[in-house]
Amino acid sequence: MSHTPYPSSYYAASANPAPTRDALSDSVETDVCVIGAGYTGLSTALFLLEQGFRVVILEAAKVGFGASGRNGGQIVNSYSRDIDTVERSTGSNEARLIGAMAFEGGQIIRERVARYSIDCDLKDGGVFAALNSKQMHHLEAQKALWERFGYGQLEMLDHDGIRNVVASERYIGGMLDHGGGHIHPLNLALGEAAAVESLGGVIYEQSPAIRIDRGDTPRVHTQHGQVTAKFVVVAGNAYLGGLVPELAAKSMPCGTQVIATEPLDTELAATLLPQNYCVEDCNYLLDYFRLSADKRLIYGGGVVYGARDPADIDSIIRPKMLKTFPQLQGIKTEFAWTGNFLMTLSRLPQVGGLDGNLYYSQGCSGHGVTYTHIAGKVIAEALRGQAERFDAFASLPHYPFPGGQKLSAPLSALGALYYSLRDKVGF
Ligand SMILES: Cc1cc2nc3c(=O)[nH]c(=O)nc-3n(C[C@H](O)[C@H](O)[C@H](O)COP(=O)(O)OP(=O)(O)OC[C@H]3O[C@@H](n4cnc5c(N)ncnc54)[C@H](O)[C@@H]3O)c2cc1C
């Protein structure tokens, strides 16, 4: 039987102990078969189990093997494109519902952590850091937008204010989201998996779904077994491949890279990020960073369209880190890894149903830690027959990438180059 381990990363090296789960080797029957044990699949499974459904999760590798176990760990509210884009993309009632949900993901994570005693180094506070006045104006508009949707946890930071939270000369100001925060992402996924099992859910690892017999009673096949279910939830995101051709056609896997330094001495760590907030800058191709519980700087950035794994991650990310924090010259990089997120043309998530019993959510385009937790909730609501919020998400348009699967990566890279040039000159 195949065995796919976690990729080498700081998170895999510091993961909480977890059981080795069997691969599926026979025929089972359940209410809902979830494909993928990332946050989307785990969140969906937990909400369903809490409502009395029987759930089986099939995971191709290990719990949190995908983006959920490799990400920057930043709890960022709203979506990869903000609620104003949502308002331009769908009806006013749908936009109102999606806007109201934009701040729910962080709450779901905090509730999960509290209810199931998940040990994942949860810390409050996230900063958006502006590199120029255009980005500062954008943050002011973002604050007004989020406040229009009832969110009151934002605080503008002027030049001195940002210096008090990030020891970098690069930023002219920023915005602090007290409802943002950060976590050890793999330990969050592992804790959620344990919660799923505590409620009677079953997770099979090393069990890629290789075919779905779609129809009135769908059946999901792995190499050595099959799951017959009333519903299937597809949560494979950037790692799904061609299992559901309709989903592959309208999305593009992209890679992004992260490094972790050696542990910093306590004083240096406390001067870099004195309040231990996480930070992302406001560039189109953004840098994001935070401290781990053992005081490493975890620094990410860059996008590889089409998700090829770059040869030397440290040479891509370390110069970015040193540009932000020249004081880290001489500090060693101890871990470097890459992971894939799924991009959509609109940068808004794609949610929907196929055949009446196959549900999916994918493509949160970079900001998915909070959104995926919301997705699980709305999919569970839809399966229970309360589909208003699911339908609001499903009303967002899904576009195919221009040029199809062959040209989508180079065309997107060209578009990103244009936006990053705009970031550089600050217009
Ligand atoms: C390096 C990196 C940094 C990021 N940083 C942040 C951040 O700081 N904040 C933020 O909000 N977002 C961030 N993101 C995005 C965020 O991590 C993702 O949007 C989110 O984790 C997606 O969760 P998911 O469950 O949909 O997909 P994934 O976590 O990718 O999970 C999909 C799972 O499905 C499994 N799978 C796929 N196909 C099959 C199959 N056929 N059968 C069975 N299993 C299958 C995979 O093995 C995988 O475990 C980052 C992403 C990356 C890659």
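If one computes P(r) from the Cα atoms of segment 1-40, what percent of pairs lie at distances over 17 Å?
Values: 410 of 780 pairs.
Value for segment 1-40 (Cα pairs over 17 Å): 53 percent.
In the chain, how many lysine pairs have Cα atoms under 17 Å apart, counting only pairs 8 or more places apart or on different chains?
Counting lysine pairs in the chain gives 9.
What are the semi-axes of the equivalent ellipsoid for segment 77-132, taken as the square roots of 5 times the Cα gyration tensor eigenvalues, largest first, in whole Å? Could the numbers behind the result be given before it?
On the way: eigenvalues 147, 66, 7 Å².
So the equivalent ellipsoid measures 27, 18, 6 Å along its semi-axes.
Which distance in Å, rounded to a whole number, links the C-alpha centroids of segment 313-336 and segment 117-137?
Using only Cα atoms to place each centre, the spacing works out to 20 Å.
In vacuo Debye scattering of segment 44-199, one point per C-alpha: log10 I(q)/I(0) at q = 0.10 Å⁻¹?
-0.46
How big is the shadow of the Cα convex hull of segment 1-86, averaged over all directions, in nm²? Could the numbers behind the result be given before it?
Values: hull surface 32.3 nm².
The Cα convex hull of segment 1-86, projected and averaged over all directions, gives 8.1 nm².
Quick check on packing: order 362-371, 176-185, 79-88 by the mean number of other C-beta atoms within 10 Å, highest mean leading. The partial results should precede the final answer.
Details: 362-371: 26.6, 176-185: 23.7, 79-88: 18.5.
Highest mean packing first, the order is 362-371, 176-185, 79-88.
Add -39500 (n - 2.57) for each DSSP H run of 4 or more in the chain, then divide by its residues: what number comes out at 222 nm, to the nearest 500 deg cm²/dmol?
Details: 14 runs with 149 residues, N = 427.
Helix-only estimate at 222 nm: -10500 deg cm²/dmol.
Given the Cα atoms of segment 246-368, and with Rh set as the inverse mean 1/r over their pairs in the Kirkwood sense, what is Rg to Rh to two decimals?
Radius of gyration relative to Kirkwood radius: 1.08.
Hey, could you get me the Stokes-Einstein D for segment 148-244, Kirkwood radius over alpha-carbon pairs, 37 °C and 0.692 mPa s, rounded to whole µm² s⁻¹? Intermediate results must be reported in sequence, preceding the final value.
On the way: Rh = 18.3 Å.
The estimated diffusion coefficient comes to 180 µm²/s.
Taking the highest mean first, how do the peptides 322-328, 103-109 order by number of other beta carbon atoms within 10 angstrom per residue?
Details: 322-328: 16.3, 103-109: 20.9.
Highest to lowest by the protection proxy: 103-109, 322-328.
Determine, for each peptide in 228-239, 383-394, 255-266, 122-133, the mean count of other beta carbons within 10 angstrom over its residues, then list the peptides with the highest first.
Details: 228-239: 23.4, 383-394: 17.6, 255-266: 19.2, 122-133: 21.1.
So the order, starting with the most tightly packed, is 228-239, 122-133, 255-266, 383-394.
Mind listing P(r) for the chain? All alpha-carbon pairs, 10 Å bins, whole percents.
5, 23, 34, 26, 11, 2, 0
Please compute P(r) over all alpha-carbon pairs of segment 34-135, binned at 10 Å starting from zero, and give each bin as a whole-number percent.
Spelled out bin by bin, segment 34-135 gives 12, 33, 37, 16, 2, 0 percent.
Every number in this text was worked out from the coordinates using simple rules, so none of it is lab data. The shown structure was predicted, so the numbers you read here are calculated from the model rather than taken from an experiment. Every residue, glycine as well, gets a Cβ built from its backbone with ideal geometry; the counts of neighbours run over all protein chains shown.
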